[in-house]
1. If the requirement is being open to solvent by less than 20 Å² (accessible area, probe 1.4 Å), in contact with a helix residue (DSSP H, G or I) (Cβ under 9 Å, 6 or more places away or on another chain) and either of a type in the set (Val, Ile, Thr) or farther than 14 Å from residue 367 by Cα (or both), which of these qualifies: 193, 200, 174?
2. Quick one: what pairs do we get from region 119-146, first residue under 21 Å from residue 101 (Cβ atoms), second basic (Lys, Arg) and in a helix (DSSP H, G or I), C-beta under 9 Å, 6+ apart or different chains?
3. So, restricting to strands (runs of 3 or more DSSP E) that lie completely within region 224-329, which ones have at least 2 residues that are open to solvent by 50 Å² or more (accessible area, probe 1.4 Å), over 30 Å from residue 174 (Cα atoms) and free of Cβ contacts under 8 Å to residues at least 40 places away in the same chain?
4. Conditions first: (1) assigned to a helix (DSSP H, G or I); (2) touching an Asp or Glu at 6+ places or on another chain (Cβ under 7 Å); (3) within 30 Å of residue 214 (Cβ to Cβ). Residue 102 passes all but one, so which condition is the exception?
5. Of the residues 181, 159, 107, 154, which is small (Gly, Ala, Ser), on the phi > 0 side of the Ramachandran plot and at pLDDT 95 or above?
6. If residue 312 meets every condition in (1) in contact with a helix residue (DSSP H, G or I) (Cβ under 8 Å, 6 or more places away or on another chain); (2) more than 12 Å from residue 294 (Cα to Cα); (3) among the aliphatic types (A, V, I, L, M) apart from one, which number is that one?
7. Within region 131-143, can one find any residue that is open to solvent by 10 Å² or more (accessible area, probe 1.4 Å), part of a loop (DSSP other than H, G, I, E, B) and not β-branched (Val, Ile, Thr)?
8. For residue 349, work out the one condition from (1) surrounded by 15 or more Cβ atoms within 10 Å (Cβ to Cβ); (2) out of contact with any helix residue (DSSP H, G or I) (no Cβ under 8 Å at 6 or more places or on another chain); (3) free of Cβ contacts under 8 Å to residues at least 60 places away in the same chain it doesn't fulfil.
Amino acid sequence: MQMLSALGKARYIPLLILFTLAIMQSCRKNPQDMTDQELAEAISSKDIYQELLSQAGEAGINTQKFETKDTIAPVFALLEEIAFGHKPTIRFTQKRMRADTALIRNAAEELARGQSVEKVMEQLEPVFPVYHNLKIHYDRLLKSNKKDSAAYVAQTLNAYRWIRRQIQGAPRFVMVNIRGAYLTAMDSAGKNVLTMRTVVGKRDTPTPTIDTYATSIVTHPYWNVPKSIAIKEIFPKAAADPEYLTRNRIQVIGKDGQAINPEELEWGDLTADQFPYRFRQETGEDNSLGLLKVEIKNPLAIYLHDTNARYLFKSNQRWRSHGCVRVQKPTDLANYMAGTQLLDSDFMTEPDSVSHPPKWHKLKVRVPVFLLYLPADCNEKGDLMYFPDVYKREAPNA
């Protein structure tokens, strides 16, 4: 009887185990109800964090700074890096955007639930086609042991993650690669809509790296000559040649904003350093800014503009400006930035014998603009391209 009793009890052992597991499962906290600290602890205790580090490394991220310390891994810092990168070397940033914490939090919850790292990475990383292609090339270069080339690609991968952070909510954005002297205009998903050549700064007058946004399109702009150019170039020529200013349609502007007759000035008594006026070139096709200017928010007097020297776009040596960015297709760029047909296709070919007054077209939405110094990028076909270090700057670090 005792044997039968023992056998009878044994029949209930599997049920008891299932019941215990059910109780344990019901007591386990839902990831959605966990604090960030609890999520970090839950993910740190799993091999899944090591897999996350591995896949982050395949995206060009330096994972050493995200290694586990004191048993708890910096889970949220790594997830933010995967999604939004870190700030590249940029001289001026108008505003650093906050990371989308809801996206990062959701990724952590999915990992805690047991979702695959691959799926979580897909949710986190930029969907830009160029980013996807760069990752493919990065993996290929690592497998070929071409570490220096891979480091260039890693730098650009981070730049696109940073762009993704900065464009949150914007319907489109513009990126100028100073090293490559070209511009790409993309939609919010990173689809390449417009590509053109640019002319950027010379080595001794480099185009600065900038992260900002466009504010307006100006047709028939004046060229308010920057002080550095006025002192070094315009003043000596004006003082030596009485006809120089008239020939180049350059006005002398007083402190009251009114034009002054240059023939009334005693040029022999003036010096470039003590010149109390400024120079302004009249609007028109001969204007150094051409027929169109895109104003971007920055304190460095940098903007995108047309040019009266359009032949320069045919050259592969396009580091020729004083720092501003001359664009090959100004009308197309203006229309894309405005999100509408702002200018007719024949705007650039209209006869310009008369000086038109400038006209400002304020953009209805902010269009992020990035002037970056990228050593590598992909073209529309997905081919990897490298660019010369025209300004002889330091080696890249991702």
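The values are calculated or read from the model by the stated rules, or taken from the named source; none is laboratory data. The structure presented is a predicted model; accordingly, all values stated were derived computationally and were not measured. Backbone-built Cβ (ideal geometry, glycine too); neighbour counts: all protein chains shown. With ligands, DNA and RNA removed, areas are computed over all heavy atoms of the protein, side chains included. Shrake-Rupley method; radii C 1.70, N 1.55, O 1.52, S 1.80 Å.
1. Numbers: 193 fails: open to solvent by less than 20 Å² (accessible area, probe 1.4 Å); 200 fails: in contact with a helix residue (DSSP H, G or I) (Cβ under 9 Å, 6 or more places away or on another chain).
Unique residue meeting the criteria: 174.
2. Listed by first residue and then by second, the contacts come to 125/135; 125/161; 125/164; 126/161; 126/164; 127/164.
3. Details: elements: 250-253, 278-281, 292-296, 303-305, 319-321, 325-327.
Result: empty, no element qualifies.
4. Result: residue 102 fails condition (2) only.
5. Numbers: 159 fails: on the phi > 0 side of the Ramachandran plot; 107 fails: on the phi > 0 side of the Ramachandran plot; 154 fails: on the phi > 0 side of the Ramachandran plot.
Criteria check complete, one pass: 181.
6. (1)
7. We begin by selecting, within region 131-143, every residue open to solvent by 10 Å² or more (accessible area, probe 1.4 Å); these are 132-133, 135-140, 142-143.
Okay, now just the ones that are also part of a loop (DSSP other than H, G, I, E, B), so none.
No: zero hits.
8. Result: residue 349 passes all but (1).
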